[in-house]
Amino acid sequence: MKRTYQALSIVAPAGQWISEGKKILEIRSWRPESLPLKDLLIVENKNYLIQDQDEEIGRAVAIVDIESVHLWTENELALAAASYWEEGYWAWVISNVRPIEKFVEVTAKRKIYSIDVDLE
């Protein structure tokens, strides 16, 4: 049965790292409009989506909660599974990770977007 989720696209392999608990901070240049974000669907895709209209096919890898967002600090590099640090970015704290074992293709878009998907 399809359900509507708020979704966030993340370039591979970072989505998989989130589903495995290896990445507990998602780093973005922007903050969500409101918190908490409960049952946020993580969609892993292959390419960075640069323009607002950019889309591609990705796959659902996890459902998570984002309880808080704070300015990213240099000592959080490993928590974000990042290769470098840059000032002025936001760290989204990932919690309550529920990996999706079934392979489900879904649309990947920019920012937070709504998607109808059957994960059963």
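The values are calculated or read from the model by the stated rules, or taken from the named source; none is laboratory data. Predicted model, so just to flag it, every value in this text is computed and none were measured. Counting neighbours? That spans all protein chains shown, and the Cβs are built from the backbone with ideal geometry, glycine included. Each accessible area value is taken on the protein alone, full model and side chains, heavy atoms only, with ligands, DNA and RNA left out. Shrake-Rupley method; radii C 1.70, N 1.55, O 1.52, S 1.80 Å.
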Mind checking the dipole of segment 64-120: about its Cα centre, +1 per Lys or Arg Cβ, -1 per Asp or Glu Cβ, Debye to the nearest 20? 160 debye
What's the extension gain from Asn47 to Asp116 if we count 0.36 nm per residue and subtract their Cα-Cα distance? 22.7 nm
Please list, in order along segment 103-117, the HN-Hα scalar couplings obtained from phi with the Karplus expression 6.51 cos²θ - 1.76 cosθ + 1.60 (θ = phi - 60°), rounded to whole Hz, x for Gly and Pro. 6, 10, 7, 9, 7, 9, 9, 7, 6, 9, 9, 8, 8, 9, 8
As a check on your grasp of the helix formula, calculate [θ] at 222 nm for the chain: sum -39500 (n - 2.57) over DSSP H runs of n ≥ 4, divide by the residue count, round to the nearest 500. -1000 deg cm²/dmol
Carbon and sulfur %, accessible surface of the chain computed with the full protein complex present, 1.4 Å: 49 percent
Among Leu77, Ile112, Tyr89, whose Cα projects farthest towards the positive end of the dipole of segment 73-120, with charges put on the beta-carbon of Lys, Arg (+1) and Asp, Glu (-1)? Ile112
Here the FRET efficiency for Asn75 versus Leu35, based on Cβ atoms and R0 = 25 Å and rounded to 0.05, is 0.65
Residue order for Lys111, Lys23 - accessible surface, 1.4 angstrom probe, largest first: Lys111, Lys23
Under 5 Å between amide H atoms, partner at least 5 residues away or on a different chain: which partners does Ile10 have, H built in plane at 1.01 Å? Val43, Glu44, Asn45
Compute the distance in nm between two label points, each set 7 Å from the Cα along the Cα-to-Cβ direction, one at Glu20 and one at Ser68. 2.8 nm
Determine how large the accessible area of Ile57 is when every protein chain is in place; take a 1.4 Å probe and give Å² rounded to the nearest 10. 110 Å²
Once Kirkwood radius over Cα pairs in Å is worked out from the coordinates, which option in (i) 16.3; (ii) 23.4; (iii) 14.4 does it equal? (iii)
As a test question: what accessible area, to the nearest 10 Å², does Tyr84 have when a 1.4 Å probe is rolled over all protein chains in place? 140 Å²
